[in-house]
Amino acid sequence: MGTRRVLVTGCSSGIGLAVAARLAKDELGRFKVIATMRDLEKRGALEKAAGDSLKTNLEIKQLDARCEVSIRECVNSLPDRRVDILVSNAGVGMIGPLECQTIAAMKELFDTNFFGLARLVKEVLPDMKRRQSGHIVVMSSVMGIQGLLFNDVYSASKFAVEGFCESLAVQAMKFNIKTTLVEPGPVVTEFERKVYEDAEKMDLSGTDEETAKIFREVYLPYSKKIFTSLGQTPEEVAEQTVKVITAEEPPLRHQTNRLYMPMTALKHADPTGRLPLDTFYKMIFKHDSVFSATLGVLRMVQRRVGKR
């Protein structure tokens with residue numbers, strides 16, 4: 001197999017940047033990376049991370065996943081419009097009480113997180129079908145498997161992504177096209193930092209006092225503990241993404257964080273849904289000391305795994 005062209009979206013920072021740089025620096029030179037971003041003025045960090053590969057294996061282009069014309073222009077600029085691997089990564093976050101979110105903001109989030117993916121796939125899928133080859137890699141989230149407190153709208157967008165890909169994957173197989181959902185847990189990025197920074201200043205006047213208190217005094221501290229104990233770096237997620245891209249038989253789903261797997265396994269353990277609901281409720285509201293101790297143990301495991 002020769003050099004494969006990879007189109008990656010959302011490359012100005014975080015996971016997208018790490019994936020693009022990692023693929024471009026592949027020791028075997030297996031990839032030609034088209035790293036895209038909405039605003040090319042934010043290309044500096046990627047250029048720095050790419051280093052010498054910028055001259056040989058990586059090209060930076062403008063692409064706005066919210067705009068069909070922008071996507072088409074980018075794909076049309078490629079020789080033969082060939083995209084061997086699509087890595088759909090562009091996304092936005094939203095946390096907080098539902099009553100404090102506007103419908104307009106929810107639609108905006110879906111426009112990037114779900115419809116952005118749909119636009120990209122719609123553009124590259126016909127060419128992949130004609131060539132009878134391709135790999136669609138989608139940056140999903142464990143929150144596309146398991147909903148989480150105060151992440152109602154973000155989780156909904158990732159559930160939509162998961163259903164879309166699971167359905168499409170069956171048809172894609174007929175044309176020898178692979179589909180993979182990469183499902184990170186907590187990842188320490190500028191994207192996440194900004195989401196939580198905005199949350200701390202959020203106007204909670206649209207909800208009741210008890211809900212506001214739960215958000216500020218329970219959820220935000222709880223989230224910080226999770227990120228400190230279980231958070232991965234974008235580079236770690238990028239390494240996992242490369243593994244699924246280079247796999248002989250790529251999986252439909254791949255969770256990047258083994259330490260988070262017990263959380264998502266709860267959902268499959270009880271078809272009624274009671275087990276994960278009760279577990280998360282007790283962890284958050286009744287057994288904070290047990291929760292903190294569990295995270296402490298997981299933190300030690302994470303350090304030991306990292307030293308290997």
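The values are calculated or read from the model by the stated rules, or taken from the named source; none is laboratory data. Being a predicted model, the structure only gives us computed values, none of them experimental. Positions of Cβ are generated from backbone atoms using ideal geometry, with glycine treated the same way; all protein chains shown enter the neighbour counts. The area values use the complete protein model at the heavy-atom level, side chains included, leaving out ligands, DNA and RNA. Shrake-Rupley method; radii C 1.70, N 1.55, O 1.52, S 1.80 Å.
Brief remarks on what is shown
- Range of Cα positions in the range 1-66 per principal axis (Å), largest first: 33, 23, 19
- At an R0 of 30 angstrom, the distance between the Cβ atoms of residue 127 and residue 48 translates into a FRET efficiency of 0.40.
- Residue-span extension gain [residue 246 to residue 111] - 0.36 nm each, minus C-alpha spacing: 45.6 nm
- Apportionment of accessible area to carbon and sulfur, the chain, percent (1.4 Å): 55 percent
- The ratio of the alpha-carbon radius of gyration of the chain to the globular-protein estimate 2.2 N^0.38 Å is 1.02.
- Violating pairs (Cα-Cα greater than 26 angstrom) within the set 107/174; 25/225; 55/243; 158/194: 107/174; 25/225
- Relative to the current alpha-carbon distance between residue 167 and residue 193, full extension at 0.36 nm per residue lengthens the span by 6.1 nm.
- The mean accessible area for residues of the range 4-260, using a 1.4 Å probe and ignoring ligands and nucleic acids, is 45 Å² per residue.
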